[in-house]
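Take a look at the structure set out below.
The values are calculated or read from the model by the stated rules, or taken from the named source; none is laboratory data. All figures in this text were calculated on a predicted structure; none of them were measured in a lab. Quick reminder, even Gly has a Cβ in these numbers, built from the backbone with ideal geometry, and neighbours come from all protein chains shown.
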Amino acid sequence: MKKGNKIKKIEDNTAAEVEILIHLPAGLSPDKTIDALYAFTSCETSISPLGCVIEDNKPYFVGVTEMLRRSTDNTVQLLKSELEIRLDEFQEQWHFASLERIFIEKRIYRDIEEEETWDGVISAIDRGLQPHIKHLKRAITVEDITRLTEIRIKRISKFDIDKAQQKIDALEDQIAEVKHHLANLIDYAIAFFERLKKEYGEGKERKTEIRIFDDVDATKVIIRNTKLYVNREEGFIGTSLKRDEYVCDCSDIDDIIVFTNDGIMMVTKVDTKTFIGKNIIHVAVFKKKDKRTIYNMIYRDGKGGPSYVKRFAVTSMTRDREYDLTNGNKGSALWYFSANPNGEAEVVTIMLRQVGGIKKLKWDLDFAEVLIKGRASKGNRVTKYAIKRVELKERGVSTLKPRKIWFDDTVQRLNVDDRGELIGEFRGEDRLLIINQSGIVKTIIPELTTHFDSDMIIMEKWIPKKPISAIYYDGEKERYYVKRFIIEHEGKEEDFISDHPDSQLEIVSTDWRPIADVEFTKERGKERRPNMEVDLEEFISVKGITALGNQLTKDKINQINLLDPLPYEAPEEVPADDIEVVDEETIDKEVDGDTEAENKPQSDSSSTDDDDDLEMDDKGQVTLF
């Protein structure tokens, strides 16, 4: 682990199986610790295996893929040679079996009784075979005839024509099979490898799990155990200013975003002491590509100039560069500023100075009516008169669209990059419902660093008033029970089946009106009982999560399946007014900003600002997104 990321204890219980326990201090997230192990240690290491083979008496370096391809091609050629040898053997067996049958069935052995020389015997057999060998695959040789003369009289006397024909037919089937394998050599090779695995793979199963690991962002998983301080008046931030105001916890690889009262914004690396500029109004850890943190501000454009309101997100910055959030005129200053992690839009009260004949000295401004633009936009004009002060009247709710979250089964992780199955759209207070096969249910905040158990069977957006229906087998009572319940303690992991070792969850459903099909076991000497359809909504009312439930049946059950649920119109959510935050844009400073803030926000005009496309790496170098 990285320096400062303490682990309480490491316990190695490895014996027949690997078992290493990592004990964490209280309050430390196991999910973030797992990711931190991948980010800061050699827990996961990318390697490039390079094999060396001898080719033409020289070392030849080749990749594993190429080595495997060559090895497989070589195996295919060996299998082909083996099949050709077997085909030749079967054809030879068929050839001699056919000659033997002709020799005995046609009584050709009698033709040699009068012959006195060996050559005469060979010639007599050859003449006797000629009328019957048109169907043979090759010509008869002296070796073939010699083998015929070696057949003993006892075998000739017991020769069975039908059995001989059966042997020939069997050889023909084997020849046809070998020819088929030669014609489909690749399929035969695949079957060969599968047969090897079946015959020799038992007891040698893979112990490790093949899984693609997701990328781990070190800044998101590092433990923030360093305290950041700020001296607002003098303009310093750092980790050594322990006599000044505490801001937040950070790590030594974090970037810090700072705003000053004169409208200057800067991102800088965490250090012991760094000068930013006097009159600091906001300090926080900077999150790259963060489109959900929205900054609301009202500023005066120059000394005695009009005031403007703007909303913006900061998604990319050049480190240690000053960015002017005002219109750039001397004497500009901020009347109001707020940082909103989830795009909240508050209501503020604008109070003007009593100058001349101004009739309206006070009114409310709702930030929800202000369009989110790029940080370089001028904004909408609030007033041309001098503002006395701006006061917060009402804290707002999020104006951002809900965040879409996907689950990638390949890496078993959540993401916002459209990879895998869409789980749903989530606001800040929304939760995920997780149900495991072991009968454990919980609701969690959908964080991208979360790890999930391998026996997870349900993951969906949690609807607090939606009941969960389950049928389970109670190991102690040896009966099946039905229960329906609603989660009452969000964030708490709870068991909803009994803790007996033989208890097991049969089915679980989050449908409003689920239907189950129960198939009974056939008893000896009796007809099988017809399947039973169970409307779980009518079978039992919603009870507490710890309730035993109602007994399903006393009969023995073979299996239980879920059917299509009954129709139900779920109550619709009333959506809030949403604003979509797109990538940060820049606005031409020449755009007319004289539209009053109470009116519709002005449209964006594009201009070029190369800084919006820049990002910092961890060493302070400027890199492109």
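Miscellaneous remarks
- Count of segment 481-490 residues which are part of a loop (DSSP other than H, G, I, E, B) and either closer than 16 Å to THR510 by Cα or in contact (Cβ under 8 Å) with a residue 60 or more places away in the chain (or both): 3
- Residue list for segment 38-80, restricted to those being touching a helix residue (DSSP H, G or I) at 6+ places or on another chain (Cβ under 9 Å), surrounded by 11 or more Cβ atoms within 10 Å (Cβ to Cβ) and assigned to a strand (DSSP E or B): GLY51, VAL53, VAL62
- Residue within segment 266-288 that is touching a residue at least 40 places away in the same chain (Cβ under 8 Å), on the phi > 0 side of the Ramachandran plot and outside the structural domain of VAL390 (by TED's automatic domain parsing) present: yes
- Test: residue in segment 210-231 that is part of a loop (DSSP other than H, G, I, E, B), surrounded by 15 or more Cβ atoms within 10 Å (Cβ to Cβ) and modelled with pLDDT of 90 or more: no
- Top-ranked residue in segment 291-317 [being under 41 Å from the mean Cα position of the chain (by Cα) and either assigned to a strand (DSSP E or B) or not assigned by TED's automatic domain parsing to the domain that holds GLY328 (or both); ranked as nearest to GLY263 (Cα to Cα)]: MET297
- Among (1) at positive phi; (2) free of Cβ contacts under 8 Å to residues at least 60 places away in the same chain - the single one TYR336 does not satisfy: (1)
- Boolean, ALA164 is over 27 Å from ARG127 (Cα atoms), in the same structural domain as GLU92 (by TED's automatic domain parsing) and in a helix (DSSP H, G or I): no
- Filtered residue count, segment 428-450, keeping only those that are over 19 Å from the mean Cα position of the chain (by Cα), at pLDDT below 90 and buried (at least 17 other Cβ atoms within 10 Å of the Cβ): 1
- Selected residue (criterion: surrounded by the fewest Cβ atoms within 10 Å (Cβ to Cβ)) from residues of segment 375-405 that are in a strand (DSSP E or B) and among the aliphatic types (A, V, I, L, M): LEU392
- Residue in segment 90-106 that is surrounded by fewer than 17 Cβ atoms within 10 Å (Cβ to Cβ), without any contact (Cβ under 8 Å) to a residue 12 or more places away in the chain, assigned to a helix (DSSP H, G or I) and hydrophobic (A, V, I, L, M, F, W, C) present: no
- Selection of first residues in segment 250-264 that are within 18 Å of ASP290 (Cα to Cα) and of second residues that are of a type in the set (Phe, Trp, Tyr), restricted to Cβ pairs under 8 Å at least 6 apart or on distinct chains, gives the following pairs, ordered by first then second residue: ASP254/PHE286; ASP255/PHE286; ILE256/PHE286; ILE257/PHE286; PHE259/TYR295; PHE259/PHE337.
- The listed residue being closer than 21 Å to ILE540 by Cβ and of a type in the set (Lys, Arg), out of LYS465, LYS492, LYS461, LYS442: LYS465
- Residues that are surrounded by 14 or more Cβ atoms within 10 Å (Cβ to Cβ), in a strand (DSSP E or B) and either in contact with a Phe, Trp or Tyr (Cβ under 7 Å, 6 or more places away or on another chain) or of a type in the set (D, E, K, R) (or both), drawn from segment 340-374: GLU344, VAL348, ILE350, LEU352, ASP366, ILE372, LYS373
- With respect to (1) in contact with a helix residue (DSSP H, G or I) (Cβ under 6 Å, 6 or more places away or on another chain); (2) modelled with pLDDT under 85, the lone exception for LEU87 is condition (2).
- Boolean, VAL508 is of a type in the set (Val, Ile, Thr) and over 17 Å from ILE458 (Cα atoms): no
- Scan of segment 336-361 for residues that are small (Gly, Ala, Ser) and closer than 30 Å to ASP290 by Cβ, ordered by number: SER338, ALA339, GLY343, ALA345
- Single match in ILE487, ILE458, ILE468 (criterion: under 29 Å from GLN559 (Cα atoms), within 17 Å of the chain's Cα centre (by Cα) and not charged (D, E, K, R)): ILE458
Every residue, every condition in (1) at pLDDT 95 or above; (2) of a type in the set (A, V, I, L, M); (3) closer than 14 Å to LEU228 by Cβ; (4) in contact with a Lys or Arg (Cβ under 9 Å, 6 or more places away or on another chain), yes or no:
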site: VAL258; (1), (2), (3), (4): yes, yes, yes, no
site: LYS269; (1), (2), (3), (4): no, no, yes, yes
site: GLY277; (1), (2), (3), (4): no, no, no, no
site: LYS287; (1), (2), (3), (4): no, no, no, yes
